[in-house]
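The values are calculated or read from the model by the stated rules, or taken from the named source; none is laboratory data. Small disclaimer: the values here were computed from a predicted structure and weren't measured. Cβ coordinates were reconstructed from backbone atoms using ideal geometry, including for glycine residues, and neighbour counts include every protein chain displayed.
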Amino acid sequence: MDLTILIPCALAVGLTMGLLGSGGSILTVPILVYLMALDEKVAIASSLAIVGGVAALTTVLNIRDRSINWRTAIWFGVPGVFGTYLGAALSQFASGQVQLVVFAVVMLLSAFFMFWPPKFKPVSGDQKRLAIVSEGLLIGALTGFVGVGGGFMIVPALVLLGGLSMTTAAATSLVIIAVKSAAGLVKYLELMEGSGLGLDWNLILIFIGFGMLGSFLGRVLGRVIEQRRAEQVFSIFLVAIAGWILVQSL
């Protein structure tokens with residue numbers, strides 16, 4: 001375990017989550033696979049533990065600030081938990097290499113939606129709830145299959161479908177990411193029991209600790225940096241990483 005690589009990477013992941021409310025797992029999986037040399041499936045499971053842990057700890061800070069919309073978190077989070085568990089279960093039928101290719105495609109989608117946030121048609125009442133539940137289920141399945149938290153889609157959905165402000169949406173998205181990550185991690189641990197694979201909990205705890213520090217710094221920077229501009233810059237960075245992963249995988 002090379003701490004000179006691990007600590008800056010953990011800070012970067014936490015900084016991204018604190019600033020944007022998303023993007024943590026998009027960075028974590030490539031870091032664990034290509035810089036920490038973990039098996040693809042172990043990296044995905046570790047990412048769920050790391051991002052879920054950072055999201056949960058950051059949520060504690062957000063509870064103090066009263067910036068979470070709990071009703072929307074439940075509507076989006078419950079189907080997300082089921083979707084994540086299902087996605088993790090489906091991962092046993094795909095190789096780690098296939099999961100990385102899907103992950104790279106998700107990164108490109110993430111970059112696209114960060115640069116050009118999706119525009120949903122105005123809906124209300126039961127239609128709005130159905131849209132929130134459906135998206136929660138779909139993003140949850142992606143979370144379980146490739147280890148992404150899905151904040152890049154959750155935040156705009158909470159703004160446009162849930163009617164939340166960007167600050168409240170970012171805080172609420174971390175609650176959803178935390179519970180979904182926990183569900184996916186439970187299933188991955190179950191699957192890894194019979195495969196001889198295991199998680200490096202020392203690495204995970206160090207990552208969470210410095211990721212939490214980075215998240216705190218991100219929350220501070222978020223008060224002075226325009227979030228839309230930060231998302232657009234980050235999206236360009238994601239395209240570069242996704243392209244590199246696809247070249248390595250294919």
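Determine the pairs where a residue that is at positive phi, located within segment 14-31, has a partner that is charged (D, E, K, R) and modelled with pLDDT of 70 or more with Cβ atoms under 9 Å apart, the partner being 6 or more residues away or on another chain.
The qualifying pairs are Gly23/Glu231.
Give me the helices (runs of 4 or more DSSP H) completely within segment 133-250, filtered to those with at least 1 residues that are modelled with pLDDT of 85 or more, exposed (fewer than 15 other Cβ atoms within 10 Å of the Cβ) and in contact with a helix residue (DSSP H, G or I) (Cβ under 9 Å, 6 or more places away or on another chain), ordered by residue number.
Correct list: 166-192, 201-221, 227-249.
Is it fair to say Leu20 is in contact with a Leu (Cβ under 8 Å, 6 or more places away or on another chain) and within 29 Å of Gly222 (Cα to Cα)?
Spelling it out, it is not the case that Leu20 is in contact with a Leu (Cβ under 8 Å, 6 or more places away or on another chain) and within 29 Å of Gly222 (Cα to Cα).
Looking only at segment 53-69, filter to residues that are touching a residue at least 60 places away in the same chain (Cβ under 8 Å) and either hydrophobic (A, V, I, L, M, F, W, C) or touching a Gly at 6+ places or on another chain (Cβ under 6 Å) (or both); which one of those is farthest from Ile204 (Cα to Cα)? Full working, then the answer.
Step one: filter segment 53-69 for residues touching a residue at least 60 places away in the same chain (Cβ under 8 Å), giving 53-59, 61-62, 65, 67-69.
Next, only the ones that are either hydrophobic (A, V, I, L, M, F, W, C) or touching a Gly at 6+ places or on another chain (Cβ under 6 Å) (or both) stay: 54-57, 61, 68.
Values: Val54: 11, Ala55: 14, Ala56: 14, Leu57: 14, Leu61: 21, Ile68: 26 Å.
Across segment 53-69, the extreme among qualifying residues is Ile68.
Filter segment 54-75 for residues that are of a type in the set (D, E, K, R) and modelled with pLDDT of 80 or more; which is nearest to Met212 (Cα to Cα)? Even if it seems obvious, please write down each step before you answer.
Start the filter on segment 54-75 by keeping residues that are of a type in the set (D, E, K, R), which leaves 64-66, 71.
Still in the list and also modelled with pLDDT of 80 or more: 64, 66, 71.
On the way: Arg64: 16, Arg66: 19, Arg71: 25 Å.
Per the stated criteria, the residue is Arg64.
Which condition does Ser46 not pass, out of (1) more than 26 Å from Glu226 (Cβ to Cβ); (2) out of contact with any Asp or Glu (no Cβ under 9 Å at 6 or more places or on another chain); (3) buried (at least 17 other Cβ atoms within 10 Å of the Cβ); (4) among the hydroxyl-bearing types (Ser, Thr, Tyr), if it passes all the others?
Condition (2) is where Ser46 drops out.
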